1. Which residues, counting only those in the stretch 69-97, are surrounded by 16 or more Cβ atoms within 10 Å (Cβ to Cβ) and among the acidic types (Asp, Glu)?
2. Being under 22 Å from the mean Cα position of the chain (by Cα) and polar (S, T, N, Q) is the filter here; which residues of the stretch 1-46 pass it?
3. Look through the stretch 187-227, keep the residues that are of a type in the set (Asp, Glu) and not in a helix (DSSP H, G or I), and return whichever of them is farthest from Leu48 (Cα to Cα).
4. Got a number for residues in the stretch 51-81 being of a type in the set (Asp, Glu) and either touching a residue at least 24 places away in the same chain (Cβ under 8 Å) or not assigned by TED's automatic domain parsing to the domain that holds Asp99 (or both)?
5. Where residues in the stretch 201-217 are surrounded by 23 or more Cβ atoms within 10 Å (Cβ to Cβ) and among the β-branched types (Val, Ile, Thr), which of them is modelled with the lowest pLDDT?
6. Of all residues in the stretch 18-42, count the ones that are among the hydrophobic types (A, V, I, L, M, F, W, C) and in a loop (DSSP other than H, G, I, E, B).
7. Please go through the stretch 184-198 and pick out each residue that is more than 22 Å from the chain's Cα centre (by Cα) and either surrounded by 14 or more Cβ atoms within 10 Å (Cβ to Cβ) or not assigned by TED's automatic domain parsing to the domain that holds Thr235 (or both).
8. Hey, does the stretch 135-152 have a residue that's of a type in the set (Gly, Ala, Ser), crowded, with 18+ Cβ neighbours inside 10 Å and in a loop (DSSP other than H, G, I, E, B)?
Amino acid sequence: MISLVGKPADIFDRDREWRALTGFVTSGQPHATLGVVSGRRRQGKTFLLEALCEVTGGFYFAADQATEAESLRYLAAAVVEFTGSPLPVRFDDWRQAIDTLLAVTADRELPVVIDEFPYLAKASPSLPSVIQAALAPRRAERLRSRARLLLCGSAMSFMGSLLSGGAPLRGRAGLELIVPTLDYRLAAEFWGIDDPRLAIQVHAIVGGTPAYRREFVEDDTPNGLGDFDNWAVRTVLNPASPLFREARYLLSEEPGLRDPGLYHSVLAAVAHGNSTSGGIASYVGRKASDITHPLAVLEVLWSAAPRTRHVPRKPHDLPHQRTTRHLLPSDPATRLGRVGARTRHRPPVAATPTSVRKQCAGTAFRGSLPELGRRLCHR
C-alpha cells in the first residue's frame, strides 16, 4: 500500500478531490478497482491526475481523437515507456490492452489513468463493455492486479451515463468524482482579489474556472474596481481573446446534442433576461414543449437549476408550489458570451465600458447579479 500521499504545492485548493483520489488509490483492496472522474473542461482534472501519477509512480495516458487502431498504437507506446520493456508491444484489440494495463500493476497499488476517455469510446463503442468484462468479480486477471483504473472525461452527458441505469459499468466503480468549479470565495482567492465587490463582479463574468485566469487571460486581473470595466473589455469582450467564444465552444464539446442552434438560442434567451420557460420559448420562437428537453440538458450541464416559489391560489387556500425557472448557468461566461455576440462582427474598438453597460442593460446581468449574490450568501 502507498503511504500517505501529500498534495503537491502547486495545486490550488482541491483538498477534497485530492483526498478522494489518494484514498481510492491507497484503499488496500487486493484486486483491481475502477473509478470515474468527470467535470467541465478546464477545471484542472488533468492537472490533478497527472500530479497523482507523478507522486505515486502511476500510469497516465491521454487519448486523442483517433481511430481505434491508432489509439491502440499510442497506448502500446505509452505502456512500453512506462514499463521500460526492451521489446515492442502491440495490441490487437481493447481486451488485450485492458488486460495488459491490469498486469503491469500486479505488485502494488498504482493509479492507471485513461484521460479523455470519451474519445476512445466514440471510436470504440464497445469499450465500456470490455472494461466491464475485464473487471468481472471472479476473473483471475482482476484478482491478480492492484490497478486503480481511473477513467476521466469532460463530456458531462457521456461521463454521467457511464455508471447510470443499465450501463455496462453500472455497479463496477468504487469512485465517482466530479471536479467542480471553484466557489465564490475560492475563486476570489485564486484571482488574488481582496475586495468583496470586485470579487463578485469578476465571478459574475468568469465564475470559478481556474484556466480562465492562467491560460485564457494570461493572469490579466482587474487592478481594482476602477479597472473592472476596462478589464472586461480587454478580456471577455475582446474578439481576440479565447474567452470571447468560450460559450459556443463549451456547448459544442457535448456529444449527442442534435440541434446545437436551438441550445444556443435558449442560452441567448437567458442572456437577454428571459428567466421563465414561457419567456424563453417566446424568445426562441418555439412551443414550450419544444424546449423542455434543451432546458433539462442545460440544467444538468451548467447547473442552471429552477428555483421554486410558493404562490397562493386564493386568499384562503393553502400555499402550493409552482416551479418557475430562473436560469442562472454556473458558468457565467455563457451569459456574457451571448451578450458579446452582439458585437461579434464589429471591430474590437467598438467595445468600450460605456457601450458594454448599454448592451448589458435589459439582459440577464441586470437580474443575475442580485440572484448570484443571494446564492453566494447562502453558501
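1. none
2. Thr22, Ser38, Gln43, Thr46
3. Among them, the one singled out is Asp195.
4. Result for the stretch 51-81: 3.
5. Per the stated criteria, the residue is Val206.
6. 1
7. Matches in the stretch 184-198: Ile193, Asp195, Leu198.
8. Yes; the residues of the stretch 135-152 include at least one that is of a type in the set (Gly, Ala, Ser), crowded, with 18+ Cβ neighbours inside 10 Å and in a loop (DSSP other than H, G, I, E, B).
The values are calculated or read from the model by the stated rules, or taken from the named source; none is laboratory data. Note that this is a predicted model, so its numbers are computed, not measured. Cβ: placed from backbone, ideal geometry, glycine included. Neighbour counts: every protein chain shown.
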